[in-house]
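Shown next, in structure tokens, is the structure this report addresses.
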């Protein structure tokens, strides 16, 4: 019995990776966005729209959110979210949607933007 316990203890102490799956990098980066955005379409009252089902969704089309005129115009043009647009928006929101009411996320590297874009487009 002691030998089995000792072997289990050694195995646990020498593992270099956690026993549970790690959170994707994009999920970790997204935590900074959660003060304004949610992945729950039913969550109301946030400063920004929910970001569930973002891939292929028309810009400015989350139900129940009061978008800026710039986002309403983007929706009328039929623009939809994809990897390229989301990364560009995260880099410089005003370049993609001038007057869109979102400040650029501070301190995000290109890798951070790519990770959060991949994460959001998979939700």
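Tabulated results
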item: Estimated FRET transfer efficiency (residue 63, residue 85; beta-carbon r; R0 30 Å; 0.05); result: 0.90
item: Normalised convex hull volume, region 23-121, alpha-carbon set, Å³ per residue; result: 91 Å³
item: Computed lengthening from residue 32 to residue 111, 0.36 nm per intervening residue step minus Cα-Cα distance; result: 26.9 nm
item: Fraction of alpha-carbon pairs over 19 Å apart in region 63-117 - percent; result: 28 percent
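Laboratory data are not the source of any read-out in this text; all were calculated from the coordinates shown. In this text the structure is predicted, and so the values were computed from the model without any measurement. A quick note on method: Cβ atoms are made from the backbone with ideal geometry, for glycine too, and the neighbour counts reach across all protein chains shown.
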